[in-house]
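Before any comments, here is the structure.
Just so you know, all these numbers are worked out from the coordinates, no wet-lab data involved. Computed from a predicted model, the values in this text were never measured in an experiment. Here the Cβ is made from the backbone with ideal geometry for all residues, glycine too, and neighbour counts use every protein chain on show.
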Amino acid sequence: MANETQYSKIPKMAPGQKYNRLLTIKFVLMDSRYHKARWKFRCDCGSEIITFANVVRSGKTKSCGCIGTEAKIKHGRAGTSIYTTWNNIRRRCRNKESKYYGARGITVCDRWYKFENFLEDMGEHPGNGFSIDRIDNDGNYEPGNCRWATVQQQANNKRNSRAA
């Protein structure tokens, strides 16, 4: 039988509470390794998942994963070079340990958190040999500061480049 201290670590959740798309069903177990409660949730799409209560309460987990799937289906561009570019810039800017991006405070503008807006502003990926480049290396990923550039253009635009 579990002792009192174990139960005191169970987050204050109850069956029937709703967090984004997840409805709390029941307490499942106290994870002995991480000392965090796992609960069973039913997503609005009908799927059920078991996950840590703290990630659901914080909003880090909003669904069973269907939100990401819906976004990919909506624009139909998942796996394309433009989508990969968009996904990568958001990922590296959110990563506070990425010394050239997140750790330097480089961000993605709010408008570009929606793929369709990024595509509208930047246009299609021009093809092999081009990648996204920030014109001002200390600036953020946003319209007016980004362009499709060749490897040579990017090399000339590095922070450590010296004008001849």
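FRET efficiency for N88 and D31, Cβ-Cβ distance as r, R0 = 25 Å, nearest 0.05?
Taking R0 as 25 Å, the efficiency between N88 and D31 is 0.20.
Counting only residues 5 or more places away or on other chains, whose amide H sits under 5 Å from the amide H of T61 once H atoms are built in the peptide plane?
Amide H to amide H, under 5 Å and 5 or more residues apart or across chains, T61 pairs with V56.
With charges only on Cβ, +1 for K and R and -1 for D and E, what is the dipole size of region 76-156 about its Cα centre, in debye, rounded to 20?
380 debye
Given a Förster distance of 41 angstrom, what is the FRET efficiency for E124 paired with D44, based on the Cβ-Cβ distance and rounded to 0.05?
Here the calculated transfer efficiency is 0.75.
Expressed in nm to one decimal, what extension gain is obtained for the pair K114 and E142 from 0.36 nm per residue of sequence separation less their Cα-Cα distance?
Here the segment from K114 to E142 would lengthen by 8.9 nm.
Along region 128-142, what does the Karplus equation 6.51 cos²θ - 1.76 cosθ + 1.60 (θ = phi - 60°) give for ³J(HN,Hα), rounded to whole Hz, x for Gly and Pro?
4, x, 10, 8, 6, 9, 8, 4, 9, 5, 8, x, 8, 7, 6
Around A78, which amide H atoms from residues at least 5 apart in sequence, or from another chain, sit under 5 Å from its own amide H, with H modelled in the peptide plane?
The list, which skips near neighbours in sequence, is empty: none.
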